[in-house]
1. What list of whole percents do you get for P(r) of the chain, with Cα-Cα distances grouped in 5 Å bins up to the one holding the largest distance?
2. What is the gain in length, in nm to one decimal, between L58 and S247 on full extension, counting 0.36 nm per residue of separation less the C-alpha to C-alpha distance?
3. Restricting to bridges with both residues inside segment 127-201, how much of the DSSP beta-bridge set is antiparallel, in percent to the nearest 5?
4. Kindly provide the Kirkwood hydrodynamic radius of segment 125-219 in Å, to one decimal, from all pairs of distinct alpha carbon atoms.
5. What angle, in degrees between 0 and 90 and rounded to the nearest 10, separates the Cα long axis of helix 235-249 from the longest principal axis of the Cα atoms of the chain?
6. When the gyration tensor of segment 107-175 is built from Cα positions, what are the square roots of 5 times its three eigenvalues, in whole Å, from largest to smallest?
7. What does DSSP give for the chain in terms of the percent of beta bridges that are antiparallel, rounded to the nearest 5?
8. Taking a label point 7 Å from the Cα of Q220 along the Cα→Cβ vector, which residues of segment 133-156 have an amide N closer than 15 Å to it?
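Read-outs: derived from the displayed coordinates by stated rules, not from any lab. Values in this document were obtained by computation on a predicted structure and should not be read as measured data. Cβ: placed from backbone, ideal geometry, glycine included. Neighbour counts: every protein chain shown.
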Amino acid sequence: MEKKVSIINKFGEKLIGLKAIPPKLNEKNPAMVFVHGFAYYKEEDGLFDDFAKRLSDLGIIVYRFDFSGCGESEGDFSKSSLTKLRDELQSIIDFVKSDPKVDTNKIGILSQSFGTSTTIALHPEAKCMVMLGTLAHPKERLSKHFGEGYKPESLSVRKRSNGTIIKVESLFWKDLDSYNILNLIKEIKCPILFAHGEKDNIVPLSDMELVFENANEPKQKIIIENADHGMIPSRGKLYNIVVEWLSKKLP
């Protein structure tokens, strides 16, 4: 079963989320927080939807939210920053901890793409983490992603293949300069599973390798054969690996 939930961020903007509830609930249950990518949304093209169903079937409560200016949530994404996203993730985690059915000692995080940067920027305490399509140098990757639309001193604009327009103001780029992902990953003390698509042409495999190298033990990395940045067409393999790993780390 799923239900819609919401929180208010520090700017008074409503963030909309979904809570996937297991068929059978104990008095206290493990929980997972999903963190979507850059200017994206809580479903992640079905990737997060499928994960939510599989994990709730395991008895895990799953939360996935749209960050401000994304999906159903309020706000203007052009005025966003990694700091703002980081703070919103903290608010989401605090909301999850307030759920009387959640075991606050068994909260895990699964993040995708720029969501890994948001997670690493916050480096919250967690039982375990799963990072998909991890970025080592988010400013470098995103500026290339914008191409000719990259304007670090004014308004950067990018048109996606589906016709949607993404805009970010100069603050976004300046804010990124204050984060060193390779240093911040060292602040995370829980087990981490890194998974990356073999044919990811948006975030190169070398980015994940750099972050993995700097991460603390225990850690594990998996390269998903033939998969792109969205883990297509190998999502089935990814689901099996992650679910098996989480069933041991988040019983």
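1. For the chain, the binned pair fractions read 1, 6, 14, 19, 21, 18, 12, 6, 2, 0, 0 percent.
2. On the way: separation 189, 0.36 × 189 = 68.04 nm, distance 0.76 nm.
Residue separation times 0.36 nm, minus the Cα-Cα distance, leaves 67.3 nm.
3. Working: 5 of 9 bridges.
In segment 127-201, DSSP labels about 55 percent of beta bridges as antiparallel.
4. Values: mean 1/r = 0.0675 Å⁻¹.
This gives a value of 14.8 Å.
5. Roughly 60 degrees between the two axes.
6. Values: eigenvalues 142, 38, 19 Å².
Each semi-axis is √(5λ); the values are 27, 14, 10 Å.
7. Details: 16 of 41 bridges.
Rounded to the nearest five, the antiparallel share is 40 percent.
8. Backbone N within reach: none found.
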